[in-house]
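Take a look at the structure below.
The values are calculated or read from the model by the stated rules, or taken from the named source; none is laboratory data. In this text the structure is predicted, and so the values were computed from the model without any measurement. No Cβ is skipped: glycine too gets one built from the backbone with ideal geometry, and neighbour counts run over all protein chains shown. Only protein heavy atoms, including side chains, enter the accessible area calculation; ligands, DNA and RNA are left aside. Shrake-Rupley method; radii C 1.70, N 1.55, O 1.52, S 1.80 Å.
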Amino acid sequence: MPKKPSLTAFLVAIHQADSTDNVYAILAKTVADALEIAEAQEPAGANPHVVGKLGAASIARMDLKPGEARAI
């Protein structure tokens, strides 16, 4: 029986022009996938970077779905 692919909840920050950051929780297979999803949330010129990860309990409480970008 094939193993279910592992997903990780990455915290991705995108710096804004007003010197703040928008932070998204993104459930994805790889860091590259998470960064791609984050870039789609912001206007052109976004420079997202991973700032952390969430644990399984946090993912369950947030009811985060694969590929979803949730602003936190």
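With respect to the conditions (1) out of contact with any Asp or Glu (no Cβ under 9 Å at 6 or more places or on another chain); (2) part of a helix (DSSP H, G or I), S6 falls short on a single one, namely (2). When segment 49-60 is limited to residues that are at pLDDT 95 or above and not aliphatic (A, V, I, L, M), the one that is least open to solvent (accessible area, probe 1.4 Å) turns out to be G52.
Of the residues making up segment 53-72, those that are in a strand (DSSP E or B), under 18 Å from S6 (Cα atoms) and within 9 Å of the chain's Cα centre (by Cα) are K53, A69. From the list A17, A46, A25, which residue is assigned to a loop (DSSP other than H, G, I, E, B) and either among the hydroxyl-bearing types (S, T, Y) or surrounded by 14 or more Cβ atoms within 10 Å (Cβ to Cβ) (or both)? Result of the check over A17, A46, A25: A46.
In segment 5-27, the residues that are among the small types (G, A, S) reach residues that are surrounded by 17 or more Cβ atoms within 10 Å (Cβ to Cβ) and in a loop (DSSP other than H, G, I, E, B) with C-beta atoms within less than 9 angstrom, at least six apart or across chains, in these pairs: A9/L64; A25/L64. Flag: I37 matches the condition of being part of a helix (DSSP H, G or I), crowded, with 17+ Cβ neighbours inside 10 Å and touching an Asp or Glu at 6+ places or on another chain (Cβ under 9 Å). Residue count for segment 12-47 under the criterion of being touching a helix residue (DSSP H, G or I) at 6+ places or on another chain (Cβ under 9 Å) and either under 20 Å from K65 (Cα atoms) or charged (D, E, K, R) (or both): the result is 8.
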